[in-house]
1. Out of the range 146-205, which residues are part of a loop (DSSP other than H, G, I, E, B) and of a type in the set (Val, Ile, Thr)?
2. Any residue in the range 166-182 that's free of Cβ contacts under 8 Å to residues at least 24 places away in the same chain and under 15 Å from Pro129 (Cα atoms): show its pairings with residues that are surrounded by fewer than 24 Cβ atoms within 10 Å (Cβ to Cβ) and of a type in the set (D, E, K, R) at Cβ separation under 9 Å, as long as the two are six or more apart or on different chains.
3. Just to be sure before I move on: is Glu145 surrounded by 22 or more Cβ atoms within 10 Å (Cβ to Cβ), of a type outside the set (Phe, Trp, Tyr) and free of Cβ contacts under 8 Å to residues at least 60 places away in the same chain in the structure I sent?
4. Tell me, yes or no, whether the range 54-61 has at least one residue that is under 24 Å from Gly231 (Cβ atoms), out of contact with any Cys (no Cβ under 8 Å at 6 or more places or on another chain) and either part of a helix (DSSP H, G or I) or among the β-branched types (Val, Ile, Thr) (or both).
5. Before we move on, is Asn206 farther than 20 Å from Leu128 by Cβ and among the polar types (S, T, N, Q)?
6. Any residue at all in the range 127-142 that's in a strand (DSSP E or B), hydrophobic (A, V, I, L, M, F, W, C), in contact with a His (Cβ under 7 Å, 6 or more places away or on another chain) and surrounded by fewer than 17 Cβ atoms within 10 Å (Cβ to Cβ)?
7. Read through the list (1) surrounded by 24 or more Cβ atoms within 10 Å (Cβ to Cβ); (2) more than 13 Å from Tyr48 (Cα to Cα), then give the number of the only condition that Asn185 fails.
Amino acid sequence: MKSLRTFLALAILLTSQPLANATSPVPLQEQLEEEIKLSKIKYNDTNYNVIKIPKNRLINEDLEIKIAHSVGERKSLESLSSGAIAAINGNFYDENDKPIGYLKDSKVINGEHINRKNKGFFVVNKGLPDIIRTLGDYHYDVILESYPLLVYDYGAMRRINNESDFRSAVAIDKSHNLYLVTTENGTLSAGRITYKEFQDFLISQNYKTALNLDGGTSTQMLKRPGFNQHGLKGIVTAIGIYPSRL
């Protein structure tokens, strides 16, 4: 009987202690921060920042794409995209700090279209991002219109000018992974490139489509934690990647 009591006491003691080799599950927030990759790439003497957003996390609804906006008031990307794991500046805006181009998130933010032939649309349908040339009659959850469309079906599209400036863009690969792309803007000279040079880099990365965003002094990007590429002026729209299950 004594040996039985000793056995039961030992069993209770062992079951109450954590296993030495047991590991706690990694919290979803940490998983997402690890899987969203920031790469720094040098191409033809220009430094690029590229953030990859994996398709599987978008269609599984672990992440969602939103348009952050502050119409009529310029803000930093960090302030505008509070809560986002990753973000990039959005489309152009006018002297009244109103977005230029059609813009929709949960509702239409700006219903006016850009009167340019070389424009494109960054859209999201059921979590899946895409870049298209025309909207048609299809319903999209998120729409951001900008210009110029730089890459379509792996090829370079028509450019609007050949001036050098800081650049930013969204891009999609053949698997529908999303990429946020900027040139470095730490100094007034480094990172200023033409559209042709920007296209060359985007095509070299084998992106299927790429749409230019409001670059220049608006160029800015962040990935939390640890990376914040500041812009030289405030912005009114941003594309943000947010955790949706936290």
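FYI, it's all coordinate maths here, none of it is from the lab. Computed from a predicted model, the values in this text were never measured in an experiment. Glycine gets a Cβ as well: all are built from the backbone with ideal geometry, and neighbour counts include every protein chain shown.
1. Those that are part of a loop (DSSP other than H, G, I, E, B) and of a type in the set (Val, Ile, Thr): Ile160, Thr187, Thr194.
2. Here the result reads none, with nothing in the range 166-182 linked to a residue that is surrounded by fewer than 24 Cβ atoms within 10 Å (Cβ to Cβ) and of a type in the set (D, E, K, R).
3. Taking the combined requirement at face value, the residue satisfies it.
4. No: the range 54-61 contains no residue that is under 24 Å from Gly231 (Cβ atoms), out of contact with any Cys (no Cβ under 8 Å at 6 or more places or on another chain) and either part of a helix (DSSP H, G or I) or among the β-branched types (Val, Ile, Thr) (or both).
5. No; evaluated as a whole, the condition is false for this residue.
6. Yes; the residues of the range 127-142 include at least one that is in a strand (DSSP E or B), hydrophobic (A, V, I, L, M, F, W, C), in contact with a His (Cβ under 7 Å, 6 or more places away or on another chain) and surrounded by fewer than 17 Cβ atoms within 10 Å (Cβ to Cβ).
7. (2)
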